[in-house]
Amino acid sequence: MRHTVSVLVENKFGVLARISTLFAARGFNIDSLSVSETEEPAISRMTIVVKGGAYILEQVTKQLNKLVDVIKVTDFKDTEYVERSLALIKINMTKSTQNELIKLIGIFRARIEDISQNSVTVEMTGNENKINAFVKTVMPYGIKETCRTSVVALGRGHTIKIKEKRNG
């Protein structure tokens, strides 16, 4: 099973190292990790994707909550949330395939970021399934390069302000 966990942490030196060491020490693999400042510069949000059963998710959550710099751990397993990744994909393109590729890019709501005589670079955002479907669809044209970001996620609906979370 794939689990997405959001972790609010103090934006301090070494927090990322402590969290990645926690995972490694317990033999848990991080499939995806994204870290950035939140609307409050002193706080960062980590979006971590791990694979495993309920036991692994429970252990990850418990261990994260023990770390001093961790403010809040949110497991999205029973929560509605929005999840996105970004991919840049450079695809072979010829004059004879140009119209087909541009049509496919539009169908998947991707954006052309660069175009040359023999390739097109596409930016795509969406969930992993959407990006994987696009990659599979354009594979016959020949993919020259890809670069993908980690997952980012936020819960849907009402959100408690970070300051409220820190105080209670």
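The values are calculated or read from the model by the stated rules, or taken from the named source; none is laboratory data. Everything numeric in this text was worked out from a predicted model, so none of it was measured. Cβ placement follows ideal geometry from the backbone for every residue including glycine, while neighbour counts extend to all protein chains displayed. These area figures cover heavy atoms from the full protein model, side chains too; ligands, DNA and RNA do not enter into them. Shrake-Rupley method; radii C 1.70, N 1.55, O 1.52, S 1.80 Å.
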For region 96-134, what are the residues that are of a type in the set (D, E, K, R) and at pLDDT below 95?
GLU128
Residues that are open to solvent by 70 Å² or more (accessible area, probe 1.4 Å), at pLDDT 90 or above and not in a helix (DSSP H, G or I), drawn from region 13-30:
PHE13
Condition first: over 18 Å from ARG84 (Cβ atoms) and touching a Phe, Trp or Tyr at 6+ places or on another chain (Cβ under 7 Å). Now tell me which residues in region 94-153 satisfy that.
THR97, LEU101
